[in-house]
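Everything on this sheet refers to the single structure shown next.
Only the coordinates and a few stated rules stand behind these numbers; no lab work does. Here the structure is a predicted model, which is why all the values come from computation and not from measurement. We place every Cβ from the backbone using ideal geometry, glycine too, and count neighbours over all the protein chains shown.
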Amino acid sequence: REVRDFLERDLGEGGPQRSVVVVATSDQPPLVRLRGAYAAMALAEYFRDQGQEVIFMMDSLTRFAMAQREVGLSVGEPPTSKGFTPSVFALLPKLLERAGTTANRGSITGFYTVLVEGDDFNEPIADAVRAILDGHIVLSRDLTSQGHYPPIDILRSLSRVMSDIIDPKHREWAQKLRSILATYRQVEDLLNIGAYVPGKNPKTDYAIRMIDAVNDYLIQDVNLNVDLPECLKRLEALLG
């Protein structure tokens, strides 16, 4: 069902004509799932070497790691962290490092999903992947339960290249927004039980005043498209 939904709904009009989809479902043998990932990456590399700007999306790295764990255990590898075999952590960088740019040619921008058990963001696969990729976007169950979409946890999300590609004003606004969210999170429990006394900390009072406007800015309907200049214009109006 998820594959059909992606093909018929998410790719959108004209999407199938510009896409290659490789499918290996979770009920298939582990070698099929592994080869599906390698085949998809090889196709992405082919188009990159033709000078194309390729978006590579993989769902999910966790299933890839589980498939390699099955293979590793079947050939006698010892289970290590959370039952994953050493070969899992050897294969992850070999797959992920194939994305990126080549000299005087195109590029591959990779988006990979990682499933975490019990919201443990330090579990082995998530931890290993964070060390390799240029950034991560963390989705929050708490925000989902509040109807906050997309449920992106800004404070847990990170881009290691952001500071290299944005201007000083953009950086200033981003830091200010993160500061508001961090300050509010520190006193949220006190607010919920009515124990916070306003007037003692101007920074905290400001965060409390701004939090609704910040959340309104961060919420976006799935069918609404907003380009970067418009996002920055709204961010400046909010925090500038």
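Note on segment 1-24: residues that are surrounded by 10 or more Cβ atoms within 10 Å (Cβ to Cβ) and among the polar types (S, T, N, Q) total 1.
So if I check each of D205, D212, D142, which one is assigned to a helix (DSSP H, G or I), out of contact with any helix residue (DSSP H, G or I) (no Cβ under 6 Å at 6 or more places or on another chain), of a type outside the set (G, A, S) and surrounded by 12 or more Cβ atoms within 10 Å (Cβ to Cβ)?
D205
Only one of the listed residues (L92, L191) is under 16 Å from M58 (Cα atoms) and out of contact with any Lys or Arg (no Cβ under 9 Å at 6 or more places or on another chain). That residue is L92. Condition check: in contact (Cβ under 8 Å) with a residue 24 or more places away in the chain, touching a Phe, Trp or Tyr at 6+ places or on another chain (Cβ under 9 Å) and surrounded by 13 or more Cβ atoms within 10 Å (Cβ to Cβ). Does L95 satisfy that? Considered against the rule, which asks whether it is in contact (Cβ under 8 Å) with a residue 24 or more places away in the chain, touching a Phe, Trp or Tyr at 6+ places or on another chain (Cβ under 9 Å) and surrounded by 13 or more Cβ atoms within 10 Å (Cβ to Cβ), L95 comes out as yes. Against the list (1) more than 24 Å from A42 (Cβ to Cβ); (2) surrounded by 15 or more Cβ atoms within 10 Å (Cβ to Cβ); (3) not polar (S, T, N, Q), the condition G106 fails is (1).
Of the candidates V71, V114, the single residue that is in contact with a Pro (Cβ under 9 Å, 6 or more places away or on another chain) and either part of a loop (DSSP other than H, G, I, E, B) or of a type in the set (A, V, I, L, M, F, W, C) (or both) is V71. Checking the stated criteria, V114 turns out to be within 19 Å of E2 (Cα to Cα) and of a type outside the set (G, A, S).
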